[in-house]
Amino acid sequence: MSTPDRLIEATRELLWERGYVGTSPKAIQQQAGAGQGSMYHHFAGKPDLALAAIRRTAAQLRETTGRLFDGSGTAYERISAYLLRERDVLRGCPVGRLTMDPDVVASEELRAPVDETIGWLRGRLAKIVQEGLDQGEFSPSLVPEEVAATIVATVQGGYVLARASGSTDAFDAGARGLLSLLAPRGTSA
């Protein structure tokens, strides 16, 4: 792995664990096994490196989630695959956690890839819900954009509840509950 990649990966991990303020240049360099000169040779400073790390985290989330959304199956099955996919629930969402970081939210540049990714996620989910409506799979009273927002809120809220309790139970219960509400007409989840 190249030095810039090691620095980006180290920053991604540290942002996820510690947030922006808790991610010092020294900690990044130590985790990446890179010297200060290497870091500043490849990046203008911590904000530049953090932006590269946030963009990579967002891109990886879109790639992983996109594969589920583009997979085979009904709209309900693809939403179910997203909600029930393997994830490190107790660590939280690497993108969603950034929304709780005051330094990220205060910076338009750092916040932009987070906002774009959440917007992308909501848009993709709304399209899948619309497909389910078009196929007669879901109740015609569903509003795709509202259901998409609900799915994202359930996932992000599930992370918060799981972290607060130290157990994945709340996340799992939220996902199962949402799926039971979305279950195609005439079936039970």
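The values are calculated or read from the model by the stated rules, or taken from the named source; none is laboratory data. Note that the coordinates shown come from a computational prediction; the quantities given were computed from them, not determined experimentally. FYI the Cβ positions are ideal-geometry reconstructions off the backbone, even for glycines, and counts take in every protein chain you see. The accessibility values were calculated without ligands, DNA or RNA, using every heavy atom of the protein model including side chains. Shrake-Rupley method; radii C 1.70, N 1.55, O 1.52, S 1.80 Å.
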Sorted by accessible surface (1.4 Å probe, heavy atoms of the protein chains only), largest first, 1, 39 come out as 1, 39
Hey, what's the chain come to in accessible area per residue, 1.4 Å probe, Å²? 51 Å²
Gaussian network model of the chain, Cα within-10 Å springs - most flexible of 135, 29, 156: 135
Taking the chain as the reference, fit the longest principal axis to its C-alpha atoms, fit the long axis of helix 75-84 to the helix C-alpha atoms, and give the angle between the two in degrees, 0 to 90, nearest 10. 40 degrees
Who wins for biggest fluctuation among 50, 58, 153 in a Gaussian network model of the chain, springs between alpha carbons below 10 Å? 153
Report ³J(HN,Hα) in whole Hz for each residue of the range 154-163, in order, from the Karplus equation J = 6.51 cos²θ - 1.76 cosθ + 1.60 where θ = phi - 60°; Gly and Pro get x. 5, 5, 5, x, x, 4, 4, 5, 5, 5
Any chance you could list the semi-axes, whole Å, largest first, of the equivalent ellipsoid that the Cα gyration tensor gives for the range 106-154, using √(5λ)? 27, 9, 6
At residue 1 and residue 21, where each label point lies 7 Å from the Cα along Cα→Cβ, what is the point-to-point distance in nanometres? 2.8 nm
Quick check: at a probe of 1.4 Å, how many percent of the accessible area of the chain sits on carbon and sulfur atoms? 51 percent
For residue 109, project a label point 7 Å along Cα to C-beta. Then give me every residue of the range 23-37 with its amide nitrogen under 18 Å of that point. 23-25
Scattering from the C-alpha atoms of the chain alone, worked out with Debye: what is log10 I(q)/I(0) at q = 0.13, 0.19 1/Å? -0.73, -1.23
How far is helix 46-70 tilted, in degrees, relative to the longest principal axis of the Cα atoms in the chain, given as a value from 0 to 90 rounded to the nearest 10? 30 degrees
Helix 169-182 vs. the chain, principal-axis angle (Cα, 0 to 90°, nearest 10): 40 degrees
If the elastic network links every pair of Cα atoms under 10 Å, which of 72, 141, 165 fluctuates the most in the Gaussian network model of the chain? 141
Based on the alpha-carbon gyration tensor of the range 10-84, what equivalent-ellipsoid semi-axes (square roots of 5 times the eigenvalues) come out, in whole Å, largest first? 35, 12, 9
Dipole-positive endmost among 159, 4, 130 within the chain (Cβ charges, Cα centre): 4
